[in-house]
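No value in this document is a laboratory result; all are computed from the given coordinates. All values reported here derive from a predicted model rather than from experimental measurement. Glycine also receives a Cβ, built like all others from the backbone with ideal geometry; neighbour counts cover every protein chain displayed.
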Amino acid sequence: MRGGTIARFRVAGIGSREIDQSEQQLLFKLGEYICKRNWLLSSGNALGSDEWFGRGVNSVNPRNLVLYLPWATYNEELLHPDNWVTSEVKPEWLEEAKKHHGRWEALKQGGQKMMGRNIGIGSRANVCLAVLNHSKLGYGGTGNCFRYCQSRGIPVLDISKQGEQNFEQICEFLNNEYENSRNRARV
């Protein structure tokens with residue numbers, strides 16, 4: 001609780017850059033759903049999954065999209081003027097990213113910033129939806145954020161290849177986690 005009010009429910013929307021058209025449609029629809037519930041979506045503005053989650057939110061209310069960028073000009077063509085944007089990569093995010101990455105020492109500074117911003121995405125999330133690329137779980141940013149959220153006890157759902165038929169199940173998961181977070185905030 002901050003200032004006597006319950007903080008807004010926040011969904012981390014992360015995932016692979018390589019997604020097919022059905023996944024694009026699912027993520028767009030989930031972004032819309034999250035926004036219509038007046039929740040926030042945190043993401044990283046990468047092409048692919050982040051982009052399609054963001055497009056869905058932006059189609060309803062761009063102020064409900066919180067973007068963590070590794071640097072200020074990262075995919076700036078995808079930004080809406082009303083999005084909440086930060087390009088600050090905090091030192092504590094970099095430390096957490098290092099703990100959850102399979103080959104931290106092999107990353108250049110830009111790659112480390114990418115991983116750090118992924119920790120930022122998850123750092124204030126109540127729940128995480130991830131389109132995992134299972135071949136990159138050790139080294140990609142999505143896997144890094146996914147493991148970070150798991151380590152913090154943030155509920156995570158791998159929605160890879162879920163398809164349109166599971167939209168309602170994903171929404172049910174989100175609604176249940178929303179109710180759980182409200183109940184925890186009341187205690």
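A few remarks follow.
- Label-point gap, in nm, between L157 and R182 - each point 7 angstrom along Cα→Cβ: 1.7 nm
- Cα gyration tensor shape of region 49-141, rounded if a/c is under 1.5, else prolate or oblate by comparing a/b with b/c: prolate
- For the chain, with +1 on Lys and Arg beta carbons and -1 on Asp and Glu, the positive-most of Q109, I170, Q21 along the dipole: Q109
- Principal axis dimensions, region 1-104 - Cα atoms, whole angstrom, descending: 43, 36, 23
- Residue among G140, G120, G15 with the largest mean-square fluctuation in a Gaussian network model of the chain, springs linking Cα atoms under 10 Å: G140
- In this simple spin-label model, placing a label point 7 Å from the Cα along the Cα-to-Cβ direction at both R37 and R8 gives a separation of 1.4 nm.
- When the helices of the chain are scored as -39500 (n - 2.57) per DSSP H run of n ≥ 4 and the total is divided over every residue, the value at 222 nm lands at -14500 deg cm²/dmol.
- Separation between Cα centres of region 92-160 and region 1-78, rounded to whole Å: 16 Å
- Among 55-63, 121-129, sorting by the average number of other beta carbon atoms lying within 10 angstrom of each residue, highest first, gives 121-129, 55-63.
- Label selected from [x] 8, 22, 21, 17, 12, 9, 6, 4, 2, 1; [y] 8, 31, 27, 16, 8, 5, 3, 2, 1, 0; [z] 10, 40, 38, 12, 1, the criterion being P(r) over Cα pairs in 10 Å bins from 0, in percent as computed here: [z]
- Note on K90/F167: beta-carbon distance plugged into 1/(1 + (r/R0)^6) with R0 of 35 Å gives a FRET efficiency of 0.55.
- Taking the chain, the Cys residues with no second Cys beta-carbon under 4.7 angstrom are C35, C145, C171.
- Spin-label model, N175 to K99: label points 7 Å out along the Cα-to-beta-carbon direction sit 3.5 nm apart.
- Loop-resident sites, region 79-144, for GluC sites (Glu not before Pro), counting at most 15 other Cβ within 10 Å (DSSP): E88
- Of A106, A12, A97, the one that fluctuates the most in a GNM where the chain has Cα springs shorter than 10 Å: A106
- Rounded to the nearest 20 debye, the dipole size of region 10-186 about its Cα centre is 580 debye, using +1 on the Cβ of Lys and Arg and -1 on the Cβ of Asp and Glu.
- Positive-end residue of L65, G54, Y33, charge dipole of region 27-79 with Cβ unit charges: Y33
- For the chain: relative contact order, % (alpha-carbon pairs under 8 angstrom, 6 or more apart): 23 percent
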